[in-house]
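Accompanying notes for the structure given below.
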Amino acid sequence: MARLIVVSNRVAVPSREGGNQAGGLAVAVRSLLKQHGGIWFGWSGTVATDQVTTRTITNRDLSYVVTDLLDVDYQEYYNGFANRMLWPILHYRLDLAEFSRRDLSGYRRVNAHFANQLNELLLPDDVIWVHDYHLIPLAKMLRDRGHRNRIGYFLHVPFPPPEILTALPNHEWLIPQLSAYDLVGFQTENDATNFTRYLENECRLKKVAHNTYQTSERTIRIGVFPIGIETAEFGRLARRSVRSPLVQGLLESLAGRAMMIGVDRLDYSKGLAQRLDAFERFLAIYPDWRGQVTYLQITPKSRSEIQEYAEMERTISEAAGRINGTYGEVAWTPIRYVNRAYSRSVLAGLYRSARVGLVTPLRDGMNLVAKEYIAAQDPADPGVLILSRFAGAAAECSAALLVNPYDPEAVATSIAHALSMPLEERCMRHETLLRVISDNDLDSWGEHFLAALTQGVDLPFGQERRRRHLSSSYA
């Protein structure tokens with residue numbers, strides 16, 4: 001059985017005391033490592049001033065190898081090139097990109113540091129799975145150090161078309177390095193198609209099959225692997241959590257009003273300003289709903305040390321205050337805006353209690369909040385998901401109310417539609433959505449990718465997922 005080496009920017013090492021851990025990638029990685037054995041490698045989260053260390057941590061029979069970063073590396077690689085350059089461009093926001101050759105140098109330096117540390121760990125038959133935009137050049141750096149392992153890459157965020165990507169300074173150095181991977185995976189068919197266009201237009205690579213390209217050194221396969229959640233487990237969590245004192249206290253405070261919920265990290269890609277604008281239009285156009293619905297927006301702060309994020313925080317807070325001041329009453333506050341994080345357990349109960357889930361990013365790789373909202377619902381009386389057509393989840397969740405987040409009046413109309421939707425229609429939509437996210441859950445996502453990487457499973461674009469027939473072994 002080949003050993004699995006998972007590499008990501010940050011490693012989520014569970015606390016020895018246990019407790020409620022994050023979902024998403026952490027859950028999938030731990031499940032795969034338990035099945036196949038191996039290591040999760042990445043940054044420890046520690047920023048050192050003068051000396052970095054790399055160490056192995058064993059927790060619950062799983063191995064984590066974590067390395068520190070110097071402060072200068074953290075500023076240039078993470079805060080700089082990754083978050084001020086790559087993040088905005090990958091989310092189609094050329095206007096927010098800030099390029100610095102110093103930051104690019106830091107990005108290269110940290111990737112080389114990761115490659116050097118992995119160089120000491122890797123065995124010839126290890127299977128390596130690299131995650132996200134922080135580590136695009138890692139496979140090429142490992143190849144340069146003589147490693148011929150099977151290496152796969154998965155991009156969790158969107159991949160823009162070449163017309164946008166070529167505005168990235170030094171794109172001709174960075175993006176072609178993805179050709180050092182054996183398999184490159186994306187969230188949606190649109191993202192994968194954009195990558196193939198880049199390979200053909202900019203790299204002049206030869207297509208040898210529908211999703212396969214040939215370089216002088218290797219064959220690159222491209223696949224679509226929409227990430228899922230632990231659907232059944234999250235549903236069970238929601239059923240338990242809705243009875244918790246916190247959730248019950250919230251429901252009592254609503255005094256019978258319907259609740260809408262949005263849960264987003266504070267980031268310009270999430271479309272929070274546009275969402276608040278749409279809710280304000282809803283209150284203006286549909287006055288009968290005033291006093292009848294409360295919008296709960298949970299938005300933990302993010303990257304507050306970056307000026308754009310601090311300014312966005314002020315803008316969103318001011319907008320929520322303005323709307324509450326205009327439409328609020330003594331006994332009713334239209335928007336409850338909360339800048340703190342809640343556990344997955346609490347969120348599951350809140351999702352189940354909400355008549356409407358608002359998930360309206362301007363651009364998102366997937367957006368797992370949409371899938372969690374679906375999984376949390378009571379099938380006998382489900383809420384309605386309003387979903388941006390620019391979220392990766394929209395490709396699978398077409399039974400949601402799909403909206404253009406740039407059109408506030410259309411979103412306002414969809415809010416009214418969702419709140420007044422008959423039970424029969426709500427149940428039909430939810431049944432369809434739940435079936436989709438159950439058929440492509442988190443476990444199948446990881447097994448699907450590894451099967452494609454190690455067994456050569458055929459994965460042309462647009463093919464219906466055949467997860468129940470894929471082997472989880474990659475011996």
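The values are calculated or read from the model by the stated rules, or taken from the named source; none is laboratory data. These figures come from a predicted structure and were not determined experimentally. Every residue, glycine as well, gets a Cβ built from its backbone with ideal geometry; the counts of neighbours run over all protein chains shown. Accessible surface areas use protein heavy atoms only, side chains included; no ligands, DNA or RNA. Shrake-Rupley method; radii C 1.70, N 1.55, O 1.52, S 1.80 Å.
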Notebook entry, point to check: Name the pairs whose Cβ atoms lie under 7 Å apart, with the first residue in segment 90-116 and over 28 Å from ILE39 (Cα atoms), the second of a type in the set (Ser, Thr, Tyr) and open to solvent by 20 Å² or more (accessible area, probe 1.4 Å), and 6 or more positions between them or separate chains?
Noted result: ARG93/TYR268; LEU96/TYR268
Item checked: Residues located in segment 378-395, provided they are over 25 Å from LEU283 (Cβ atoms) and surrounded by 23 or more Cβ atoms within 10 Å (Cβ to Cβ) -> GLY392, ALA393
Item checked: Top-ranked residue of segment 182-212 - restricted to ones that are polar (S, T, N, Q) and either farther than 20 Å from HIS131 by Cα or out of contact with any His (no Cβ under 8 Å at 6 or more places or on another chain) (or both), ranked as most open to solvent (accessible area, probe 1.4 Å) -> ASN190
Next item on the list: Please find, among ALA394, ALA348, ALA376, the residue that is without any contact (Cβ under 8 Å) to a residue 40 or more places away in the chain, out of contact with any Cys (no Cβ under 9 Å at 6 or more places or on another chain) and either under 18 Å from LEU433 (Cβ atoms) or of a type in the set (A, V, I, L, M, F, W, C) (or both).
Entry: ALA394
Notebook entry, point to check: Across segment 136-166, what is the total count of residues that are closer than 18 Å to ARG93 by Cβ and not in a loop (DSSP other than H, G, I, E, B)?
Noted result: 4
Next item on the list: Could you tell me whether GLY235 is open to solvent by less than 40 Å² (accessible area, probe 1.4 Å), touching a Phe, Trp or Tyr at 6+ places or on another chain (Cβ under 6 Å) and small (Gly, Ala, Ser)?
Entry: no
Item checked: segment 137-150, residues that are in contact with a Leu (Cβ under 7 Å, 6 or more places away or on another chain) and either open to solvent by less than 10 Å² (accessible area, probe 1.4 Å) or of a type in the set (Gly, Ala, Ser) (or both) -> PRO137, LEU142, ASN149
Margin query: Pairs needed: first member in segment 239-267, more than 9 Å from GLY349 (Cβ to Cβ) and small (Gly, Ala, Ser); second member anywhere, in a loop (DSSP other than H, G, I, E, B) and modelled with pLDDT of 95 or more; C-beta distance under 7 Å; at least 6 residues apart or different chains.
Written below: ALA258/GLN292; ALA258/ARG355
Next item on the list: Within segment 86-111, track down each residue that is among the acidic types (Asp, Glu), part of a helix (DSSP H, G or I) and surrounded by fewer than 17 Cβ atoms within 10 Å (Cβ to Cβ).
Entry: ASP95
Check: Which of (1) buried (at least 17 other Cβ atoms within 10 Å of the Cβ); (2) outside any helix (DSSP H, G or I); (3) over 20 Å from the mean Cα position of the chain (by Cα) is the odd one out, the single condition PRO176 does not satisfy?
Finding: (2)
Notebook entry, point to check: Are there any pairs, at least 6 apart or on different chains, whose C-beta atoms fall under 7 Å, with the first in segment 128-141 and among the β-branched types (Val, Ile, Thr) and the second assigned to a helix (DSSP H, G or I) and at pLDDT 95 or above, and if so, which?
Noted result: VAL130/LEU138; VAL130/ALA139; ILE136/LEU174; ILE136/GLN177; ILE136/LEU178
Note to self: I need the full set of residues from segment 271-297 which are under 28 Å from the mean Cα position of the chain (by Cα) and either of a type in the set (Ser, Thr, Tyr) or open to solvent by 30 Å² or more (accessible area, probe 1.4 Å) (or both), in order please.
What the structure shows: ALA273, GLN274, ASP277, GLU280, THR294, TYR295
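Somewhere in segment 105-122, is a residue charged (D, E, K, R) and under 25 Å from the mean Cα position of the chain (by Cα)?
Looking through segment 105-122, at least one residue is charged (D, E, K, R) and under 25 Å from the mean Cα position of the chain (by Cα).
Residue by residue, here is whether (1) farther than 24 Å from ALA232 by Cα; (2) in contact with a strand residue (DSSP E or B) (Cβ under 7 Å, 6 or more places away or on another chain); (3) not aliphatic (A, V, I, L, M) holds:
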residue: GLU372; (1), (2), (3): no, no, yes
residue: ALA376; (1), (2), (3): no, no, no
residue: VAL384; (1), (2), (3): no, yes, no
residue: ALA391; (1), (2), (3): no, yes, no
residue: GLU396; (1), (2), (3): no, no, yes
residue: ALA399; (1), (2), (3): no, no, no
residue: VAL403; (1), (2), (3): yes, yes, no
residue: ASP407; (1), (2), (3): yes, no, yes
residue: HIS417; (1), (2), (3): yes, yes, yes
Next item on the list: Go through segment 344-362 and give me each residue that's within 17 Å of the chain's Cα centre (by Cα), among the hydroxyl-bearing types (Ser, Thr, Tyr) and either surrounded by fewer than 24 Cβ atoms within 10 Å (Cβ to Cβ) or more than 21 Å from HIS430 (Cα to Cα) (or both).
Entry: none
Item checked: Flag if SER253 is open to solvent by 40 Å² or more (accessible area, probe 1.4 Å), more than 30 Å from ALA451 (Cβ to Cβ) and among the small types (Gly, Ala, Ser) -> yes
Note to self: Looking at TYR92, TYR74, can you tell me which residue is of a type in the set (Ser, Thr, Tyr) and at positive phi?
What the structure shows: TYR92
Item checked: From LEU423, LEU453, LEU442, LEU419, residue being open to solvent by less than 70 Å² (accessible area, probe 1.4 Å), aliphatic (A, V, I, L, M) and out of contact with any Gly (no Cβ under 6 Å at 6 or more places or on another chain) -> LEU419
Item checked: Near pairs, Cβ below 7 angstrom, 6+ apart or cross-chain, from segment 434-450 (farther than 18 Å from LEU155 by Cα) to any residue that is of a type in the set (Ser, Thr, Tyr) and open to solvent by less than 30 Å² (accessible area, probe 1.4 Å) -> ILE437/THR231; SER438/THR231
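Rundown of residues vs (1) of a type in the set (Asp, Glu); (2) at pLDDT 90 or above, yes/no style:
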{"position": "GLU17", "(1), (2)": "yes, no"}
{"position": "GLY42", "(1), (2)": "no, yes"}
{"position": "LEU69", "(1), (2)": "no, yes"}
{"position": "TYR77", "(1), (2)": "no, yes"}
{"position": "ASP95", "(1), (2)": "yes, yes"}
{"position": "GLU98", "(1), (2)": "yes, yes"}
{"position": "LEU104", "(1), (2)": "no, yes"}
{"position": "ARG109", "(1), (2)": "no, yes"}
Notebook entry, point to check: Which fully enclosed helices (runs of 4 or more DSSP H) of segment 230-324 have 1 or more residues being in contact with a Gly (Cβ under 6 Å, 6 or more places away or on another chain) and at pLDDT 95 or above?
Noted result: 231-241, 245-254
